[in-house]
1. Exactly one condition in (1) closer than 20 Å to residue 133 by Cα; (2) modelled with pLDDT under 95; (3) among the aliphatic types (A, V, I, L, M) is false for residue 68; which is it?
2. Let me confirm something: among 155, 134, which residue is within 15 Å of residue 16 (Cα to Cα) and in contact (Cβ under 8 Å) with a residue 40 or more places away in the chain?
3. Taking the criterion of being among the charged types (D, E, K, R), within 16 Å of residue 172 (Cβ to Cβ) and buried (at least 24 other Cβ atoms within 10 Å of the Cβ), would at least one residue in the stretch 246-258 satisfy it?
4. Among the strands (runs of 3 or more DSSP E) contained in the stretch 84-191, which hold 1 or more residues that are more than 24 Å from residue 7 (Cβ to Cβ) and β-branched (Val, Ile, Thr)?
5. Condition first: modelled with pLDDT under 95 and charged (D, E, K, R). Now tell me which residues in the stretch 145-202 satisfy that.
6. For the stretch 36-52, state whether one or more residues are assigned by TED's automatic domain parsing to the domain that holds residue 119 and over 21 Å from the mean Cα position of the chain (by Cα).
7. Considering each of 48, 16, 68 in turn, give the residue that is at negative phi and touching a Cys at 6+ places or on another chain (Cβ under 9 Å).
Amino acid sequence: MSRLSVIIPGFYFASISAKIKKSGADDLALVFSKNVAVTAGVFTTNKIKAAPVKITSKRIVSQKGQAIIINSGNANACTGKRGYNDAEEITEKTARALGISSKLIYASSTGVIGRPLPIEKIKKALPELVRKLSPSVLEQAASAIMTTDTFAKISFRKITINGKTGTIAGIAKGAGMICPNMATMLCFIFTDIAIKPHALNSALREAVKNSFNRITIDNDMSTNDMALIMANGSLQNKPIIKISSEYRKFTSALSDITHDLAKMIVEDGEGATKHIEIIVRGAKTETDAGNVATSIANSMLVKTAIYGNDPNWGRIIAAAGYSGVDIKEEKIDIYINNVKLASKGVGTKKEEIARNILTKKNINITINLNMGKKSVKVLTCDLTEKYIAINAHYTT
């Protein structure tokens, strides 16, 4: 199905250029639900949090929402009391334009840290932004929230709930400052399916755990990361509860969407040329598997080796060794795609075969610890000169 045809009943979207970005591209997006929606969210674990994160994390306690105002080009982070007041004022102005309570509006920003939000530009753009609300422009909203992204990220699923067909759709932005432990980027998910607040919160956290918290690009965590989901109940199904087959169906579809978006973020990693799956098997616990996989995925030496088509498995086993997990060198097997580079911690002399595999775009690195039955997959990308060029001049 075409992404352009995605419509979530009861939801409206709009985007506009508020001239925050020098490029003149759309940089302000609005999401509006005709009904008050059950809402859940997860936020960055960075101790330094942007003003919109502070406001939204407070309002999410109500588990209700009706709109989200998002700007790109400016993070409104480390802007003191002024930044907090600016974010509040924007939600208040948006609330008046929509005719709803500001308590039902969530704020989100992304862009450069430490610069005051150009609030007058945003306030000037709001009336036209509200007038442009439409159910059929999800992709335009997805484009407006981008910073260094090269493409809009959208995923959706249709599922049957109590004999009715509902829709779940999500948009995300992210290409740099991507590190596990929530959120890792901005993500907004919408559904017309009715679901109880506790069930929605649980479903989101489960989906995030196995997707956004299992990707890494540069091991840098932003101040603005969040993932929000709104369920407005327009489908008029019996609200889903956690202990039900409908909940399992909903969670499965939601997890598919977040996995799709997570994969897109990694594929769009700043300057990346390769998509890498790190698969750790045979761990004692899921936590151990995740720690080993993340350690390897975050290794600059591993990432640059993959970029250079260098099957240097020594870097892989070294990164596993400093993960903090109790592993045994003599038990470890390492594969690149299906080529076994190390057996029981010793090289198999198949580097030349693996070198040819590394010229491909999609690379799988599998590490079997042979110490248990747990496994975890983490997604990452290679590290290139272009990543340095992008980030060396991000604010200039």
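The values are calculated or read from the model by the stated rules, or taken from the named source; none is laboratory data. Just so you know, these numbers come straight off a predicted model, no measurement behind them. Don't worry about glycine lacking a Cβ; one is built from the backbone with ideal geometry, like all the others, and counts go over all protein chains shown.
1. Unmet for residue 68, out of (1) closer than 20 Å to residue 133 by Cα; (2) modelled with pLDDT under 95; (3) among the aliphatic types (A, V, I, L, M): (2).
2. Numbers: 155 fails: within 15 Å of residue 16 (Cα to Cα).
Just one listed residue meets the conditions, 134.
3. Of the residues in the stretch 246-258, the ones among the charged types (D, E, K, R) are 246, 248-249, 256.
With within 16 Å of residue 172 (Cβ to Cβ) added as a condition, the list becomes 256.
Still in the running and buried (at least 24 other Cβ atoms within 10 Å of the Cβ): none.
For the stretch 246-258, residues among the charged types (D, E, K, R), within 16 Å of residue 172 (Cβ to Cβ) and buried (at least 24 other Cβ atoms within 10 Å of the Cβ): absent.
4. In the stretch 84-191, 105-112 are the strands (runs of 3 or more DSSP E) which contain 1 or more residues that are more than 24 Å from residue 7 (Cβ to Cβ) and β-branched (Val, Ile, Thr).
5. 149, 153, 173
6. So far as the stretch 36-52 goes, yes, one or more of its residues are assigned by TED's automatic domain parsing to the domain that holds residue 119 and over 21 Å from the mean Cα position of the chain (by Cα).
7. Numbers: 16 fails: touching a Cys at 6+ places or on another chain (Cβ under 9 Å); 68 fails: touching a Cys at 6+ places or on another chain (Cβ under 9 Å).
Just one listed residue meets the conditions, 48.
Results for (1) in the same structural domain as residue 364 (by TED's automatic domain parsing); (2) at pLDDT 95 or above, shown as yes or no for each residue.
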{"site": "236", "(1), (2)": "no, yes"}
{"site": "239", "(1), (2)": "no, yes"}
{"site": "242", "(1), (2)": "no, yes"}
{"site": "253", "(1), (2)": "no, yes"}
{"site": "257", "(1), (2)": "no, yes"}
{"site": "263", "(1), (2)": "no, no"}
{"site": "279", "(1), (2)": "yes, yes"}
{"site": "284", "(1), (2)": "yes, yes"}
